[in-house]
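**Student:** For reference, the structure I am asking about is given below.
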Amino acid sequence: MSIVCFGGGIGATRLWRALAGQLGQDSLTLVVNTADDLWHYGLRVCPDLDTVTYGLAGKQDQERGWGLLDESFTAMATLAELGEDVWFNLGDRDLATHLLRTQLLSRGVPLSVVTAHLAQANKVSTQILPMCEEEVSTEVLVDGGGWMGFQEYHVRHQAEPSVEEVRYRGIEHARTPSAVLAALENASLVVLGPSSPVASILPILGVGETRAAIQAASAPVVAVTPIVSGAPFHDVGDAHRAQLRERLLAARGLEHTASAAASLYTGLADFFVIDEADLIEAPHIRSLGITPIVARTLTHVDPVCTPDLVRAVMSPTSIAQQNR
Ligand code: FO1
């Protein structure tokens, strides 16, 4: 079993951990968004790469969803004492990752090699691939303001202002890594994770020939909804991420619904996993040429849902076998 998974960040990492737990870490290849990376105090920070690495290593702070367990923020508190406006928090232990990454990059080591080194150092055997080597930056045009970087909008401005436009600066120069193409050729299943479609999946699909290579792969492609209508927010972070997703979808003229997310994967996804609460959206998804699969997806609200979601994500492999 060889599963190629696209997406990163908090939502997708929960699913990658569940799949790795069931099938083994070596069964997965993760292709991770780097368009929300930032340079901060001279350091290259790759939030989605780090979230999946820490998540698979069992070192992720589950409550925050990002950063490391047993973290302290003394360096940030000291920067504040020095008069800095600290709006993006790098934990003291997390800083070590950014220091090492930045030093290796400055010596000419490619991001993919740095990422593999960090995975190995964290005892993670899953292949974790950045979506590309080139720097791509998600930027948003906010209502009444100018263009700003993704993290500035998401963290500093708490995704409050509405967004008129989203762009992925530098994407035209980004090339699909050969390791991504090789993984897709050997894949038995392709998964588009429950990540924010506009922030975390579309930048990956926009790189070079990635979208075309997924379409050309013989493996079935299943996407998982990040949106469940009427779901209770687990915590403040959950509510904030929903608002961010909603604002970014609105910039594309889309509603914050599972079927709107599915519409972004038309011509690409064969299957789309929706939550049982959104059964009513199934006909709409079918009309997009995508087969809906219904499951209990809120694994962070109730861990009991995890086996059901894993079963749903894996089900296209048995359908593909039956059709052979
Ligand atoms: N998210 C926040 O809401 N506030 C932060 O200060 C913050 C810092 C941070 C540092 C390292 C890291 O890997 C992630 C961090 N995140 C923070 C999460 C991050 O902004 C996002 O949730 C993702 O970029 C979206 O996937």
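**Student:** For residues that are assigned to a helix (DSSP H, G or I) and either open to solvent by 40 Å² or more (accessible area, probe 1.4 Å) or β-branched (Val, Ile, Thr) (or both), tally how many sit in segment 140-155.
**Tutor:** Just the residues of segment 140-155 that are assigned to a helix (DSSP H, G or I), to begin with: 150-155.
Remaining after also requiring either open to solvent by 40 Å² or more (accessible area, probe 1.4 Å) or β-branched (Val, Ile, Thr) (or both): 152, 155.
Residues meeting the conditions: 2.
**Student:** Something else: In this structure, is Ile293 touching a helix residue (DSSP H, G or I) at 6+ places or on another chain (Cβ under 9 Å), among the β-branched types (Val, Ile, Thr) and either open to solvent by 60 Å² or more (accessible area, probe 1.4 Å) or within 16 Å of the ligand (Cβ to nearest atom) (or both)? First the steps, then the outcome.
**Tutor:** Numbers: touching a helix residue (DSSP H, G or I) at 6+ places or on another chain (Cβ under 9 Å): yes; among the β-branched types (Val, Ile, Thr): yes; either open to solvent by 60 Å² or more (accessible area, probe 1.4 Å) or within 16 Å of the ligand (Cβ to nearest atom) (or both): no.
No: the conditions fail for Ile293.
**Student:** Out of Leu248, Leu189, Leu184, I need the residue that is out of contact with any Lys or Arg (no Cβ under 6 Å at 6 or more places or on another chain), open to solvent by less than 30 Å² (accessible area, probe 1.4 Å) and within 12 Å of the ligand (Cβ to nearest atom). Which one? Before the answer, list the steps.
**Tutor:** Working: Leu189 fails: within 12 Å of the ligand (Cβ to nearest atom); Leu184 fails: within 12 Å of the ligand (Cβ to nearest atom).
Being out of contact with any Lys or Arg (no Cβ under 6 Å at 6 or more places or on another chain), open to solvent by less than 30 Å² (accessible area, probe 1.4 Å) and within 12 Å of the ligand (Cβ to nearest atom) holds for just one of Leu248, Leu189, Leu184, which is Leu248.
**Student:** Residue under question is Thr78, and the condition is that it be among the hydroxyl-bearing types (Ser, Thr, Tyr), part of a helix (DSSP H, G or I) and away from the ligand (no atom under 12 Å from the Cβ); does it hold? Steps first, answer last, please.
**Tutor:** Numbers: among the hydroxyl-bearing types (Ser, Thr, Tyr): yes; part of a helix (DSSP H, G or I): yes; away from the ligand (no atom under 12 Å from the Cβ): yes.
Yes.
**Student:** Within segment 179-205, can you find the residues that are farther than 21 Å from Glu255 by Cα and either out of contact with any helix residue (DSSP H, G or I) (no Cβ under 8 Å at 6 or more places or on another chain) or in a helix (DSSP H, G or I) (or both)? Break it down stepwise before answering.
**Tutor:** Taking segment 179-205 and keeping what is farther than 21 Å from Glu255 by Cα, we get 179-191, 204.
Matches in segment 179-205: Ala179, Val180, Leu181, Ala182, Ala183, Leu184, Glu185, Asn186, Ala187, Ile204.
**Student:** To continue, here is another question. If Gln158 satisfies every condition in (1) more than 25 Å from Val4 (Cβ to Cβ); (2) open to solvent by 60 Å² or more (accessible area, probe 1.4 Å); (3) out of contact with any helix residue (DSSP H, G or I) (no Cβ under 7 Å at 6 or more places or on another chain); (4) assigned to a loop (DSSP other than H, G, I, E, B) but one, which is the exception?
**Tutor:** Among (1) more than 25 Å from Val4 (Cβ to Cβ); (2) open to solvent by 60 Å² or more (accessible area, probe 1.4 Å); (3) out of contact with any helix residue (DSSP H, G or I) (no Cβ under 7 Å at 6 or more places or on another chain); (4) assigned to a loop (DSSP other than H, G, I, E, B), the lone unmet condition for Gln158 is (3).
**Student:** Here is a list of conditions, (1) within 14 Å of the ligand (Cβ to nearest atom); (2) exposed (fewer than 13 other Cβ atoms within 10 Å of the Cβ); (3) not in a loop (DSSP other than H, G, I, E, B), and Asp85 meets all of them except one; can you say which number that is?
**Tutor:** Single failed check for Asp85: (3).
**Student:** Provide a single number: the residues in segment 88-139 that are open to solvent by 40 Å² or more (accessible area, probe 1.4 Å), within 15 Å of the ligand (Cβ to nearest atom) and of a type in the set (Lys, Arg).
**Tutor:** Summing the residues that are open to solvent by 40 Å² or more (accessible area, probe 1.4 Å), within 15 Å of the ligand (Cβ to nearest atom) and of a type in the set (Lys, Arg) in segment 88-139 gives 1.
**Student:** Filter segment 33-82 down to the residues that are among the β-branched types (Val, Ile, Thr) and under 24 Å from Tyr168 (Cα atoms), then identify the one that is surrounded by the most Cβ atoms within 10 Å (Cβ to Cβ). Don't jump to the end; show me each part of the working.
**Tutor:** Going through segment 33-82, the residues among the β-branched types (Val, Ile, Thr) turn out to be 34, 45, 51-53, 74, 78.
Within this subset, residues satisfying the condition of being under 24 Å from Tyr168 (Cα atoms) are 34, 45, 51-53.
Numbers: Thr34: 26, Val45: 21, Thr51: 23, Val52: 31, Thr53: 25.
Top of the filtered list is Val52.
**Student:** Could you please tell me which pairs satisfy a Cβ distance under 9 Å, a separation of 6+ or placement on different chains, a first residue in segment 104-119 that is closer than 24 Å to Asp26 by Cβ, and a second residue that is open to solvent by 40 Å² or more (accessible area, probe 1.4 Å) and hydroxyl-bearing (Ser, Thr, Tyr)?
**Tutor:** Taking only residues 6 or more apart or on different chains, the pairs are Ala119/Ser125.
**Student:** So, of the residues in segment 206-238 that are open to solvent by less than 10 Å² (accessible area, probe 1.4 Å) and not in a loop (DSSP other than H, G, I, E, B), which turns out to be farthest from Glu276 (Cα to Cα)?
**Tutor:** Looking at residues that are open to solvent by less than 10 Å² (accessible area, probe 1.4 Å) and not in a loop (DSSP other than H, G, I, E, B), I get Thr210.
**Student:** Okay, moving on. For segment 296-317, which positions are in contact with a Pro (Cβ under 8 Å, 6 or more places away or on another chain) and surrounded by 17 or more Cβ atoms within 10 Å (Cβ to Cβ)? Break it down into steps so the answer makes sense when it comes.
**Tutor:** Let us first name the residues in segment 296-317 that are in contact with a Pro (Cβ under 8 Å, 6 or more places away or on another chain), namely 297, 301, 316-317.
Passing the criteria: Thr297, Pro316.
**Student:** I'd like the residue in segment 1-25 that is open to solvent by less than 10 Å² (accessible area, probe 1.4 Å) and under 18 Å from Ala213 (Cβ atoms) and, out of all such residues, is nearest to the chain's Cα centre (by Cα).
**Tutor:** Per the stated criteria, the residue is Gly7.
The values are calculated or read from the model by the stated rules, or taken from the named source; none is laboratory data. This one's a predicted model, so the numbers in the text were calculated from it and none came from an experiment. Note that we place each Cβ from the backbone using ideal geometry, even for glycine, and neighbour counts take in every protein chain shown. Heads up: the accessible areas ignore ligands, DNA and RNA and are worked out on the full protein's heavy atoms, side chains in. Shrake-Rupley method; radii C 1.70, N 1.55, O 1.52, S 1.80 Å.
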